[in-house]
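Take a look at the structure below.
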Amino acid sequence: MLSVDFMGLKGITHRDIHTHNLLFPKSHADMFNIQIGDFGDAAFIADCEQVPFSLSKPYHGTPGYIAPELLMGQKPTLKTDIFSIGAILYKIVTMRNLFKGPDLKTIIRKNRECNHAKIESKLKHCTPDCRDLIL
């Protein structure tokens, strides 16, 4: 979270934070020193443009972790990467992907719709603080 906060203070968005772009330390002493890798899609927020999302064109992010507003063609904001962190935390807590489906189109549709009520219902076993962090 500190890395995302630092990038936000610098006006940078990663645009592709997901589980495979997290680097975990080998030492248990550093277990909370998780780093973010693969900055190939990173950009200054001020330089980003609104781009209609299409599977037929290159896009930024990994379906299931992309902030819904990006899938609706809006510009990234400081909250873009925070959504991705929430999707990762959801996966850690539930051991399931936030958005599931038989194909990429279904996953993207569910990701764009981002049904908060359904997500919250899957987190009933969590403490209120945990739910707040994820949601």
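The values are calculated or read from the model by the stated rules, or taken from the named source; none is laboratory data. Since this is a predicted model, take the numbers as computed values, not measurements. Heads up, the Cβs are rebuilt from the backbone with ideal geometry, glycines too, and the neighbour counts pull from every protein chain shown. Accessible surface areas use protein heavy atoms only, side chains included; no ligands, DNA or RNA. Shrake-Rupley method; radii C 1.70, N 1.55, O 1.52, S 1.80 Å.
Key figures for this structure:
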{"item": "For segment 95-121 versus segment 46-91, the gap between their alpha-carbon centres in whole angstrom", "result": "14"}
{"item": "Inverse mean reciprocal Cα-Cα distance (Kirkwood Rh) of segment 21-101, Å", "result": "14.4"}
{"item": "Within segment 1-91, trypsin sites (Lys or Arg not before Pro) in DSSP loop having at most 15 other beta-carbon neighbours inside 10 Å", "result": "K10, K26"}
{"item": "Unmatched cysteines, the chain - criterion: no other Cβ of a Cys under 4.7 angstrom", "result": "C48, C114"}
{"item": "Restraint check, K26/K91; K91/K124; K10/K91; K10/K57; K57/K100; K79/K100, Cα-Cα greater than 18 Å", "result": "K26/K91; K10/K91; K10/K57; K57/K100; K79/K100"}
{"item": "Listed residues V4, V93, V51 arranged by accessible area, highest first, probe 1.4 Å", "result": "V51, V93, V4"}
{"item": "The chain - mean residue ellipticity at 222 nm from DSSP helices (-39,500 (n - 2.57) per run, n ≥ 4, rounded to 500)", "result": "-10500 deg cm²/dmol"}
{"item": "Fluctuation leader among G40, G61, G86 - the chain, Gaussian network, Cα springs under 10 angstrom", "result": "G40"}
{"item": "Probe 1.4 Å, all protein chains present, accessible-area order of C114, C130, largest first", "result": "C130, C114"}
